[in-house]
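The values are calculated or read from the model by the stated rules, or taken from the named source; none is laboratory data. Since this is a predicted model, take the numbers as computed values, not measurements. Cβ sites come from the backbone with ideal geometry, for glycine too, and all protein chains shown count toward neighbours.
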Amino acid sequence: MNKNIYWKQVQSFAPSLLRISIALVFLWFGLNQLLNSSAWLAWLPSWMSSLSLLPTTIILLNGLFETVLGLLLLMGFLVRPVALLLSLHLFGIVFSIGYNDIAVRDVGLALATFVVFLQGDDFWCLSRVIKK
């Protein structure tokens, strides 16, 4: 097989692979916050104490947000709005925690999630099946 043809075929899987990979990251973080919320309390920025919610409640709501949107992204349903929300969410986290090694990771994840937003539906999206 010609190498150019091979790479062209493999390249077609890139959008789906990126979307699914990012979705799994959000699912991991979201489920981890739901199942082990106390471990995440140290990551809450100090300004969140001004909210009228308990810190554990904030963690659980964030975990629910990331889990639900991660599932939607994994299934390929409402890809553009979900990816945009998750990308903005991560940029907000980066802004709130400031510059450190975690922020550098989160910028990379936010940009990858923004690329999923730009790409939109891919070959393996549930949205494509529903539209048919």
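In table form, for the structure just shown:
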read-out	value
Criterion violated by S52 - all others in (1) assigned to a helix (DSSP H, G or I); (2) without any contact (Cβ under 8 Å) to a residue 24 or more places away in the chain satisfied	(1)
Options L74, L41; residue that is out of contact with any Pro (no Cβ under 9 Å at 6 or more places or on another chain) and either at pLDDT below 95 or part of a helix (DSSP H, G or I) (or both)	L74
Count of region 46-71 residues which are farther than 17 Å from I97 by Cβ and of a type in the set (S, T, Y)	4
Some residue of region 33-51 being among the polar types (S, T, N, Q), in contact with a Gly (Cβ under 6 Å, 6 or more places away or on another chain) and crowded, with 19+ Cβ neighbours inside 10 Å	yes
Selection within region 68-123 - of a type in the set (G, A, S) and more than 19 Å from F13 (Cα to Cα)	G70, S87, G92, S96, G98, A103, G108, A110
